[in-house]
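First the structure, in the form of structure tokens, and then the observations on it.
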């Protein structure tokens, strides 16, 4: 498999009044060309920070303190995105790496028509073959039809569109410059199930047609299950598990993943089997010693491991392309059987 | 039209009789948007009812009309058999205490300038459930332990922003419980809470339901959590301000009768990737968008989106009728069910 982005030992810090917060702690993750990856985590687990890191949009008080992000273009040498200056990075943003932001309903400028958003975006990210206004609008209309919106939407203001329509317009906007990778940060949160189904359906069709690499950041396990090929799990700024979706679901190798999968109510399973993870996620300013999940981990409670002594900072290979942060992964896997 | 009258039964705790709520539209035309149309619903003591539907279907309006935040433009809300607007002052106060609400946004529901203790002691003093602050704090300690906020003193002295979403939601629940209500209207109480904590909040509500016989009206758009909390209760499906289906929840989800509810269930993604192929390739809907609220379709309000519609649906609006142990508002519910069973 061709890598498209390799994140290596990425650390992102935020300076606060009460100390440094490491929102992204030594995260290493490889994304492959044409793959659909889902990163799941609760609020504050660092998924948006990771996305901002890849997009080069970390601003003060945030700071990337360590690591490298290698981007492999379709042709040519890999580029370390973190070594680029702002203006150099701007050449890749939106033309190669693009995003659909969280709370997408609010990212459109209320005083601009949808078509102006397309024109502005194309002008701001000028590529070698600069498009004329007419070409931009033609391409915009084509993209809108791909997300099943009529061309008249181009002449609408954001407030004239429903939440689902805005979300679709933004997806079209993100595809304007034919990017390689699209990062979707909570693309369906705050949408109804029917609209959510529609957006997912559109994204799957786009992937089938263009083979674009997609990275979903979400807290919704059910979205991950129905779309992605590969999933990562984040907890307290760390990537705790990464692997193929079937493997992670059938035999998770980190107790947090196991707990999370057991905590999601669905329409099919037995209600009696659902269980919450005890306790709350820790404050990033006062992390527990050793394993961050330790205080909530069932295994640590049962005396299966001593979380204070666990000091794993890089992922361990649990076989079958599944990576985990938990040294007791064999025991966790046995639990699932 | 009677709704779910199963023989003789004691008076319902809350009963809605033909309640409609309209809001004036602020557009150029003077128009009224009906958020709730002719709603009939009774909530018994100790019952859990889940209300589901798309945004804009009137489920929050239903919650707010039950708590008397919105007043019905026609019809009446009965509390223990009496119209809430004809109660004496004392009875009205009892009703307001008896029916509590837990909101979706726990951050907005607590005063940011007050500590949790300051916010929560006040209602107890105001309603004379406690003689003084000390006694009020004692009561709060009890309920904080109950909702799993241990130790209570650690939370009472904090400001809302110092707590996590899950903790604030527990505080809202403790606040509602502290005045010993009969019914809690919970409007999307877990949608802003982290996934790993949702189940524990739902369990907590189920526990309170069993321990204190508190009824819950659980408003949500998430069918998974609705099925979880109301596993022994009823579900009410709403569409454009109307109840279109209601039944025992297990029965309703395994055998949905109304085509809208069928589409709603088909659209729910399943977490387990082994179900991926079952995830609807196509939704049984003709259109994905809600019709214009100011220009509603004739006949059945669902017909522009319904894959099974015919002239009858365009001409005549279906009324709720009994079917399969529940009620449904669809002319052709039996035929549609038969078709679905033949197909599968």
Legend entry - Alpha carbon convex hull of the protein assembly as shown, volume per residue in cubic angstrom: 182
Inset, instruction - Please identify, among A:319, A:34, A:237, the residue showing maximal mean-square fluctuation in a Gaussian network model of chain A using a 10 angstrom Cα cutoff. - result: A:319
Legend entry - Spherically averaged projected area in nm², based on the convex hull that wraps the Cα atoms of region B:255-344: 7.0
Inset, instruction - For helix B:195-212, report the angle its Cα long axis makes with the longest principal axis of the Cα atoms of chain B; keep it between 0 and 90° and round to the nearest 10°. - result: 80
Inset, instruction - Using only Cα atoms, locate the centre of region B:101-159 and the centre of region A:133-174, then give the distance between them in Å, rounded to an integer. - result: 48
Legend entry - Distance in nm between pseudo-label sites at residue B:45 and residue B:289 (7 Å out along the Cβ direction from Cα): 5.0
Legend entry - Long-range Cα-Cα pairs in chain B (distance over 24 Å), rounded percent: 59
Inset, instruction - Could you please state, rounded to a whole Å, how far the C-alpha centre of region B:235-289 is from the C-alpha centre of region A:1-48? - result: 36
Inset, instruction - Apply 1/(1 + (r/R0)^6) to the Cβ-Cβ distance of residue B:26 and residue A:208, taking R0 = 41 Å, and write down the FRET efficiency to the nearest 0.05. - result: 0.40
Inset, instruction - Would you list the P(r) distribution for region A:238-336, with all Cα-Cα distances sorted into 5 Å bins from 0 and each bin expressed as a whole %? - result: 2, 13, 22, 25, 19, 12, 5, 1
Legend entry - Mean separation of Cα contacts under 8 Å (6+ apart) over length of region B:272-344, as relative contact order %: 20
Inset, instruction - Kindly state, as a whole number, the per residue volume in cubic angstrom of the convex hull around the alpha carbon atoms of chain A. - result: 148
Inset, instruction - Using only Cα atoms, find the angle between the long axis of helix B:165-178 and the longest principal axis of chain B, and express it within 0 to 90 degrees, rounded to the nearest 10. - result: 80
Legend entry - Exercise: per-residue mean of other protein chain Cβ atoms within 10 Å, A:256-268: 6
Legend entry - Top of B:181, B:112, B:284 by mean-square fluctuation, Gaussian network on chain B, Cα under 10 Å: B:112
Legend entry - Residue order, fewest to most beta carbons within 10 Å, for B:312, B:179: B:312, B:179
Inset, instruction - State the extension gain, in nm to one decimal, for the chain segment bounded by residue B:135 and residue B:311, taking 0.36 nm per residue of separation less the distance between their alpha-carbons. - result: 56.8 nm
Inset, instruction - Order the peptides B:235-241, B:102-108 from the highest to the lowest mean number of other Cβ atoms within 10 Å of their residues. - result: B:235-241, B:102-108
Legend entry - Residue-averaged 222 nm ellipticity for chain A, from DSSP H runs of 4+ at -39500 (n - 2.57), nearest 500: -8500 deg cm²/dmol
Inset, instruction - Would you mind calculating the gained length between residue B:85 and residue B:281 on full extension (0.36 nm times residue separation, minus the Cα-Cα distance), in nm to one decimal? - result: 65.6 nm
Inset, instruction - Please average, across the residues of B:283-289, the number of beta carbons from any other chain that are within 10 Å of each residue's own beta carbon, and give a whole number. - result: 3
Legend entry - Compactness of region A:188-305 - radius of gyration and Dmax, Cα, Å: 16.4, 51
Legend entry - Within 10 Å of each Cβ in B:220-230, the average number of Cβ atoms from other chains: 4
Legend entry - Among A:168, A:275, A:33: highest mean-square fluctuation, GNM of chain A, C-alpha pairs under 10 Å: A:275
Legend entry - Estimated [θ] at 222 nm from DSSP helical runs (n ≥ 4, -39500 (n - 2.57)) normalised by residues in chain B, nearest 500: -10000 deg cm²/dmol
Legend entry - Inter-label distance, nm, simple model (7 Å from Cα along the C-beta direction), residue A:60/residue A:178: 4.0
Inset, instruction - Using per-residue counts of other Cβ atoms within 10 Å, averaged over each peptide, order A:51-64, B:186-199 from highest down. - result: B:186-199, A:51-64
Inset, instruction - Evaluate E = 1/(1 + (r/R0)^6) for residue A:289 and residue B:71, where r is the Cβ-Cβ distance and R0 equals 45 Å; express this FRET efficiency to the nearest 0.05. - result: 0.20
Inset, instruction - Using a Förster distance of 35 angstrom, determine the FRET efficiency expected from the C-beta separation of residue B:341 and residue A:148, and round it to 0.05. - result: 0.65
Inset, instruction - Could you calculate the contour length gain from residue B:94 to residue B:108, that is, 0.36 nm times the residue separation minus the distance between their Cα atoms, to one decimal place in nm? - result: 2.5 nm
Inset, instruction - Calculate, axis by axis, the spread of Cα positions in region A:1-122 along the three principal axes, and write the results as whole Å, longest axis first. - result: 42, 41, 29
Legend entry - Cα gyration tensor of region A:142-206 - equivalent ellipsoid semi-axes, whole Å, descending: 17, 16, 11
Inset, instruction - Give the distance, in whole Å, between the Cα centre of region B:39-70 and the Cα centre of region A:249-300. - result: 33
Inset, instruction - Relative to the longest principal axis of the C-alpha atoms of chain B, give the angle of the C-alpha long axis of helix B:133-146, reported between 0 and 90° and rounded to the nearest 10°. - result: 50
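All of the numbers you see were taken from the coordinates with simple rules; none came from a lab. Values in this document were obtained by computation on a predicted structure and should not be read as measured data. Neighbour counts are summed over all protein chains in view; Cβ atoms, including those assigned to glycine, are modelled from backbone coordinates with ideal geometry.
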